[in-house]
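> The following block contains the structure, expressed as structure tokens.
Here, each number is a calculation from the coordinates, and none is a lab measurement. The model shown is predicted, which means the values in this text are computed figures rather than measured ones. Every residue, glycine among them, receives a Cβ derived from its backbone with ideal geometry; neighbour counts consider all protein chains shown.
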DNA sequence: GTCTATACACAGATAGAC
DNA sequence: GTCTATCTGTGTATAGAC
């Protein structure tokens, strides 16, 4: 019961975070969305930052689960696995379920950097991706001139690429077309491949 | 005198906007930074949104000036001009002078969409870039399979790429190295070019 | 653990004297 | 146009009853 309630809270937070971002999201909204009183929220999570952290942990756990998923074993090349992960993240974002943290925000950033569960999840995902990046560079599928961490940061950034939302809002493309195009700009670049 | 004062205000707003973003920036901070009282600020600009809009207009005017600059005439290929513009924008961001607007923020977005000067500047820059994109696609320098507007949005997004700030904060690379790497991920993609 | 009611802080905006 | 002082709304967080 308690776990279910907290899962519902995190779910609401996740959606609101994706929709409005951390600053614009208010705890009142979260409470209203969950259907409980604000004070009750604070019995589960001691602060707004903890709410956001819980949402981030959940999405990172989902990512880790996806990295370990069976479907990944069907992809022998690390480069293909990286593309698949990026595609998964972009789909999550288009579904309105990718929590958006303001790039640089003092109080939230500070809270996250001291949040053990968040750091642990982030580390796990990053390490797995880091291995794949190095492997893909050895295979000749990812540009070996780029430092692996640059590739890693770029993948994280593209998972939240605002271009996805902009293209979706034009209503000119299906979600899959949007994902394909942004994936293309990410891995193949804007320049023509000859 | 009045123009100089307002220029100083916009300059402060620009820097604070780049540093903290719209939500985290407070009007009190702006006033303190400029060195005048908050009430005086409101004699020049009627709202916080107008302050942000003024900063956006300025950066767009700078961009337009750069597009018309002599140095651009030395680049016969549109693809090279696009790369040069992206480089310019990335340098601006690394210098801490690229105002960061939260991707989706109701009040600010609504205000900007009704701000004539902002829309006019944005349109001018976009039209010029749009021409170059089509030209570069004809030249075979930009992937002709991507709709021009997708390329345009991607360029705008990369001009504010958070990866720049992350890489700078690691202090492992010079500013020019950071720019070169992010430019490479933008135009050449993460995948290896064979 | 859930609620109602409230404390507290702060930020955007304004009043009004000079 | 600049200032000091203030209004007002709103958002985070808490008190205390049940």
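> Using Cα pairs under 8 angstrom and six or more residues apart, how large is the relative contact order of the stretch A:5-90, in percent?
Over the stretch A:5-90, the number comes to 28 percent.
> Debye sum, Cα scatterers, the stretch A:114-194, no solvent: what log₁₀ I/I(0) at q = 0.14, 0.17 1/Å?
-0.62, -0.84
> At 0.890 mPa s and 25 °C, plugging the Kirkwood radius over alpha-carbon pairs of the stretch B:1-139 into Stokes-Einstein gives what diffusion coefficient in µm²/s?
Result for D is 151 µm²/s.
> Right, next: Could you give the Stokes-Einstein D for the stretch B:30-83 in µm² per second, using the C-alpha Kirkwood radius, 25 °C, 0.890 mPa s?
Stokes-Einstein gives a translational diffusion coefficient of 179 µm²/s.
> Would you please give the FRET efficiency between residue B:107 and residue B:40, computed as 1/(1 + (r/R0)^6) with r the Cβ-Cβ distance and R0 = 25 Å, to the nearest 0.05?
For R0 = 25 Å, the calculated efficiency reads 0.60.
> If we restrict to alpha carbons, what Rg and Dmax does the stretch A:147-194 come to, in Å?
12.0, 37
> With n ≥ 4 as the cut-off for DSSP H runs, can you work out [θ] at 222 nm for chain B, using -39500 (n - 2.57) per run divided by the number of residues, rounded to the nearest 500?
-24000 deg cm²/dmol
> Which value, in Å to one decimal place, does the Kirkwood hydrodynamic radius take for the stretch A:1-53 when every pair of different Cα atoms is included?
Across the stretch A:1-53, the inverse of the average 1/r is 10.8 Å.
> Something else now. Calculate the translational D of the stretch A:63-177 in whole µm² s⁻¹ from Stokes-Einstein, where the hydrodynamic radius comes from the Kirkwood formula applied to all Cα pairs, the temperature is 20 °C and the viscosity 1.002 mPa s.
Value of D from the Cα-based Kirkwood radius: 137 µm²/s.
> Here is a further query. How far is it, in nm, from the label point at residue A:127 to the one at residue B:80 when both lie 7 Å from their Cα along the line to the Cβ?
4.8 nm
> Could you calculate the FRET efficiency of residue A:95 with residue A:180 from 1/(1 + (r/R0)^6), where r is the beta carbon distance between them and R0 is 22 Å, rounded to 0.05?
Efficiency at R0 = 22 Å is approximately 0.85.
> In whole angstrom, note down how far apart the Cα centers of the stretch A:161-184 and the stretch A:34-96 are.
20 Å
> While we're here: Sorting A:186, B:160 on the 10 Å Cβ count, fewest up front, what's the list?
Lowest to highest Cβ neighbour count: B:160, A:186.
> Rounded to two decimals, what is the ratio between the C-alpha radius of gyration of the stretch A:99-157 and 2.2 N^0.38 Å?
Scaled against compact globular proteins, the figure is 1.34.
> Related question: Over all alpha-carbon pairs in the protein assembly as shown, figure out the percentage whose distance exceeds 42 Å.
Roughly 14 percent, once rounded to a whole number.
> I'd like the FRET efficiency for residue A:170 and residue B:114, computed as 1/(1 + (r/R0)^6) with the beta carbon distance as r and R0 of 25 Å, rounded to 0.05.
The formula returns an efficiency of 0.80 here.
> Additional query: Defining a contact as two alpha carbons under 8 Å apart and six or more residues distant in sequence, what relative contact order in percent does chain B show?
Relative contact order, chain B: 25 percent.
> Moving to a separate point now. Please build a GNM for chain B, connecting alpha carbons under 10 Å apart, and tell me which residue among B:99, B:162, B:46 fluctuates the most.
Among B:99, B:162, B:46, the largest GNM mean-square fluctuation belongs to B:46.
> For the residues A:3, A:48, what sequence is obtained by ranking on other C-beta atoms within 10 Å, fewest first?
Going from sparsest to densest Cβ surroundings: A:3, A:48.
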